[in-house]
1. Hey, residue 145 hits all of (1) over 23 Å from residue 214 (Cα atoms); (2) in a strand (DSSP E or B); (3) of a type outside the set (A, V, I, L, M, F, W, C); (4) within 24 Å of the chain's Cα centre (by Cα) but one; which does it fall short on?
2. Taking only pairs six or more apart or across chains, which ones have beta-carbon atoms under 8 Å, a first residue in region 83-110 that is in contact (Cβ under 8 Å) with a residue 12 or more places away in the chain, and a second residue that is basic (Lys, Arg) and surrounded by 14 or more Cβ atoms within 10 Å (Cβ to Cβ)?
3. If you check residue 12 against the conditions, is it crowded, with 16+ Cβ neighbours inside 10 Å, out of contact with any strand residue (DSSP E or B) (no Cβ under 8 Å at 6 or more places or on another chain), within 30 Å of residue 126 (Cα to Cα) and not basic (Lys, Arg)?
4. Just give me the residues in region 44-67 being within 25 Å of residue 89 (Cα to Cα) and touching a helix residue (DSSP H, G or I) at 6+ places or on another chain (Cβ under 7 Å), in sequence order.
5. Restricting to region 139-173, name every residue that is of a type in the set (Val, Ile, Thr), surrounded by 15 or more Cβ atoms within 10 Å (Cβ to Cβ) and either under 19 Å from residue 122 (Cβ atoms) or touching an Asp or Glu at 6+ places or on another chain (Cβ under 8 Å) (or both).
6. Among the residues of region 93-100, are any surrounded by 13 or more Cβ atoms within 10 Å (Cβ to Cβ) and closer than 30 Å to residue 246 by Cβ?
7. Can you name the number of the only condition in (1) modelled with pLDDT of 85 or more; (2) under 16 Å from residue 160 (Cα atoms); (3) buried (at least 20 other Cβ atoms within 10 Å of the Cβ); (4) not aromatic (Phe, Trp, Tyr) that residue 262 fails?
8. Only residues that are in contact (Cβ under 8 Å) with a residue 24 or more places away in the chain and touching a Leu at 6+ places or on another chain (Cβ under 8 Å): list them for region 14-54, please.
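The values are calculated or read from the model by the stated rules, or taken from the named source; none is laboratory data. Every value quoted in this text rests on a predicted model; they were computed, and no experiment measured them. A quick note on method: Cβ atoms are made from the backbone with ideal geometry, for glycine too, and the neighbour counts reach across all protein chains shown.
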Amino acid sequence: MATKYLAASLVLTLMFFSLVAIYLVVPQSDLVTFLCVVIMAVGLIIALNGDWNEIGMMALFAAIVSLVASYFVGRYWIGGPGGLILPLLWFGVLAYLTRWISDNTVPVPEDQAVLVTQFFSGKLSRLMPPIAPPLIPFLERRVATIPLYEISQDVDVEKINTIGGDLAKAVIAVHYGVDRERLSDPDRLEFVLGNIPNRGQIQNEVAKEMGYSLDRARLEIDFWERLLKKQMKNAVDNIVRKVVFSHGQNPVNSSKNRADLAPLVFEELKESTRQWGIDLRTIDLEYFEITEDQQRNADPIQREERETKRRELEAQREATHIKVTRAAKAMTDADRVQAIIKALQEAGVIITPDIISAILLPYDPLLENELRALTEASAKPAPPAAQAKNDAPKK
């Protein structure tokens, strides 16, 4: 608001002096006086109630009126040529001022805080959005552009020591931002991000990463975001290790109870970062990474139950396998017996109880060969001589 009123005041000043010049050099009349009064009244209303667009339109109108005033003043002082020369000179002055104001006006986004220091006093001040007037050369200097938006960051903490071993990794989501209350208090601006641990060292490291000098890097909003993320990672790492270890749990229980650990981490981290000028919003222990051995050995009773159940399942599978195997073997033996009996019958062998007992014995290759030989011998035709002898009539 202060910047807008300043811009409106400068436009009104230009308008006022232009109208005074016209009033003085133009022959006085009621119409000229009336127009001057109306123009100033409208300009004053716009300056008090108008927005930036309306003030811009008023500035353009004031520039045109000033050119008209320069025309009349030039003709009044110099004569005919002055009506051309003075407006051209004045137009050049207006063009230069417009260019200088455009180049030196500081745009201030709503989500950023632009800090300026006074050369002689060293006092900090904050430029208010949406735009700030040009800085006074040699007297004012911009020193920082700090983010006001919320910063979201995932922090990985490796190998957290617990009672029952080390957690492989923890992932913590953190959301935070700069404390706006400090930024709104002019007397506390010097303490904004002023108590960051190892501030000088970490600032130099970030500036070196960006390839800028420290003074140049501070003007970039990315510098402060990187600085905050580096420092937040260190703080989260230390506090998470402290809270997890202090509760004396094994890795598996720490993972299961991370919802209970999150408020404890939040409170300690909030207290620590408040000293920097940081407002911690939320924190979430997303997950703890544990090994398979830690998961398996976490509860001895459950581990024994799982082992017993595994052995029971293996025994059931073995019993089923034996049962199926025996059934298949019995079926195979039955088919073998039927095949042998059928072969003996076809060969004309008289099946006696001894033969049946031999067939029902467990499989024996020697016995199987003898039965096969017997079957083949019975199936062969008799020799011719024997056949003739058998066919001869008996006496």
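1. (1)
2. Note: pairs meeting the criteria are 83/75; 106/142.
3. Numbers: crowded, with 16+ Cβ neighbours inside 10 Å: yes; out of contact with any strand residue (DSSP E or B) (no Cβ under 8 Å at 6 or more places or on another chain): yes; within 30 Å of residue 126 (Cα to Cα): yes; not basic (Lys, Arg): yes.
Yes, satisfied.
4. Pass one, region 44-67, residues within 25 Å of residue 89 (Cα to Cα): 55-67.
Those that are within 25 Å of residue 89 (Cα to Cα) and touching a helix residue (DSSP H, G or I) at 6+ places or on another chain (Cβ under 7 Å): 55, 58, 59, 62, 63, 65, 66, 67.
5. From region 139-173, those of a type in the set (Val, Ile, Thr) are 143, 145-146, 151, 155, 157, 160, 162-163, 171-172; that's our starting set.
Cutting the leftovers down to surrounded by 15 or more Cβ atoms within 10 Å (Cβ to Cβ) gives us 145-146, 151, 155, 157, 160, 162, 172.
Within region 139-173, 145, 146, 151, 155, 157, 160, 172 meet the criteria.
6. No - not one qualifying residue is present in region 93-100.
7. Of (1) modelled with pLDDT of 85 or more; (2) under 16 Å from residue 160 (Cα atoms); (3) buried (at least 20 other Cβ atoms within 10 Å of the Cβ); (4) not aromatic (Phe, Trp, Tyr), only one is false for residue 262: (3).
8. Within region 14-54, 39, 40, 43, 44, 47 meet the criteria.
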